[in-house]
Amino acid sequence: MASRSADSRTGIGSSPTIDAVSLAIIEQLQEDGRRPYAAIGKAVGLSEAAVRQRVQKLLDQGVMQIVAVTDPLTVGFRRQAMVGINVEGDLDPVAEALTGMAECEYVVMTAGSFDLMVEVVCEDDDHLLDVINKRIRTLPGVRSTESFVYLKLKKQTYMWGTR
């Protein structure tokens with residue numbers, strides 16, 4: 001039904017086709033990642049064992065992850081920002097350095113006004129300033145940055161590919 005690239009970071013290769021039943025299982029887990037396999041099986045027309053096998057296969061193939069998602073505000077991270085970065089030369093070393101920073105939640109190579117877009121989650125404005133000024137801007141190859149501070153998050157979902 002829906003085809004996925006094997007490496008979402010590069011777009012190279014292709015993964016196995018995800019059939020309608022696997023998509024239905026994924027939807028069930030997106031609604032509640034702790035939903036019992038028996039309940040999922042009932043919803044999608046499979047046995048508990050068959051659901052368990054399919055979920056394990058989806059995990060092994062890297063099609064999905066099952067994780068706890070927190071609200072940054074409720075766990076002490078009051079400042080979020082998207083940082084656009086322009087790089088001189090090769091993007092890879094800068095992108096790799098950013099992926100090593102705990103505050104960087106997403107690191108994306110882009111086409112357009114910026115070479116990289118990075119979502120940063122920090123405790124407060126001082127923490128954000130430190131991350132941008134002393135850690136991101138000092139990376140070799142970083143030419144410039146532009147920060148987009150989040151004032152209020154209106155929508156955040158994890159329903160990609162199923163609805």
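The values are calculated or read from the model by the stated rules, or taken from the named source; none is laboratory data. Computed from a prediction, not measured in an experiment: that's the story for all the values here. As a convention, Cβ positions derive from the backbone with ideal geometry for all residues, glycine included, and neighbour counts pool all protein chains shown. Just the protein is used for accessible areas: all its heavy atoms, side chains included, with ligands, DNA and RNA removed. Shrake-Rupley method; radii C 1.70, N 1.55, O 1.52, S 1.80 Å.
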Hey, could you check region 129-152 for residues that are open to solvent by less than 80 Å² (accessible area, probe 1.4 Å) and in contact (Cβ under 8 Å) with a residue 60 or more places away in the chain and say which is farthest from Glu88 (Cα to Cα)?
Tyr150
Tally of residues being in a loop (DSSP other than H, G, I, E, B) and either surrounded by 14 or more Cβ atoms within 10 Å (Cβ to Cβ) or in contact (Cβ under 8 Å) with a residue 24 or more places away in the chain (or both) across region 111-128:
5
The correct count of residues that are modelled with pLDDT of 90 or more and open to solvent by 70 Å² or more (accessible area, probe 1.4 Å) in region 1-41 is 2
For region 55-75, the count of residues that are under 17 Å from the mean Cα position of the chain (by Cα) and either among the β-branched types (Val, Ile, Thr) or at positive phi (or both) equals 6
If you check Thr157 against the conditions, is it open to solvent by 40 Å² or more (accessible area, probe 1.4 Å), free of Cβ contacts under 8 Å to residues at least 12 places away in the same chain and under 15 Å from the mean Cα position of the chain (by Cα)?
yes
For Ala95, are the conditions met, namely being touching a residue at least 12 places away in the same chain (Cβ under 8 Å), touching a strand residue (DSSP E or B) at 6+ places or on another chain (Cβ under 9 Å) and in a helix (DSSP H, G or I)?
yes
Of the listed residues (Val94, Val51, Val75), the one being within 29 Å of Tyr150 (Cβ to Cβ) and modelled with pLDDT of 95 or more is Val94
